[in-house]
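Below is one structure, written out as structure tokens; the observations come after it.
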Amino acid sequence: MFRVTIVRVYVDIGKFWPVELSVNAAYEQLLIRGAKVDRRTLSAARSGTLARSEYLTLLRLRDWVRDLTGNSELTIDDLLRVEDD
């Protein structure tokens with residue numbers, strides 16, 4: 001018999017998110033950079049519940065978090081939280 005494992009993957013940038021930064025301020029920062037990311041997407045990514053997104057959004061979030069942290073080596077994998085059921 002085969003065992004089926006269900007894996008859930010979420011974008012979770014909460015550990016990188018500055019405490020004093022609001023979703024609205026983050027949205028404005030990204031807009032100034034020319035990287036539009038919806039406020040609901042930002043909110044879900046901050047809380048670790050973003051389950052679906054476009055690849056371009058993942059790249060934009062990765063680049064923004066790189067700037068926030070000063071870590072140019074940060075990868076998209078660093079933004080993901082994987083849960084096995």
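Any read-out appearing in this document is the output of simple, stated calculations on the displayed coordinates, not a laboratory observation. Quantities reported herein were computed from a predicted structural model and do not represent experimental measurements. Reconstructed Cβ throughout: ideal geometry from the backbone, glycine too, with neighbour counts over all protein chains shown.
Stretched out straight at 0.36 nm per residue, the stretch from Lys15 to Leu80 would grow longer than its current Cα-Cα span by 22.3 nm. Against the empirical 2.2 N^0.38 Å (N residues), segment 1-49 has a Cα radius of gyration ratio of 1.56.
For Glu83, what charge total do you get from the other residues with a beta carbon under 12 Å from its beta carbon, if Lys and Arg give +1 and Asp and Glu give -1? Net of charged neighbours comes to -1. Considering only Thr5, Thr75, Thr41, the residue lying farthest towards the positive end of the dipole of the chain is Thr41, judged by Cα position with unit charges set on Cβ. Net charge in the neighbourhood of Arg39 (other residues with Cβ under 13 Å of its Cβ; Lys, Arg +1, Asp, Glu -1) is +1.
Based on other C-beta atoms within 10 Å, arrange Asp38, Asp85, Asp78, Asp12 from fewest to most. Mind showing how you got there, number by number?
Working: Asp38 12, Asp85 7, Asp78 16, Asp12 20.
Lowest count first: Asp85, Asp38, Asp78, Asp12.
Volume per residue for the chain equals 101 cubic angstrom (convex hull of Cα atoms). Spin-label model, Arg66/Arg52: points 7 Å from Cα along the beta carbon direction are separated by 2.8 nm. Using a cutoff of 8 angstrom between alpha carbon atoms and counting only pairs six or more residues apart, the relative contact order for the chain works out to 49 percent. Taking the Cα centre of the chain as reference, the dipole from Cβ charges on Lys and Arg (+1) and Asp and Glu (-1) amounts to some 240 debye.
Per-residue ellipticity at 222 nm from helix content only, as computed over the chain with -39500 (n - 2.57) for each DSSP H run of at least four residues, stands at -12000 deg cm²/dmol.
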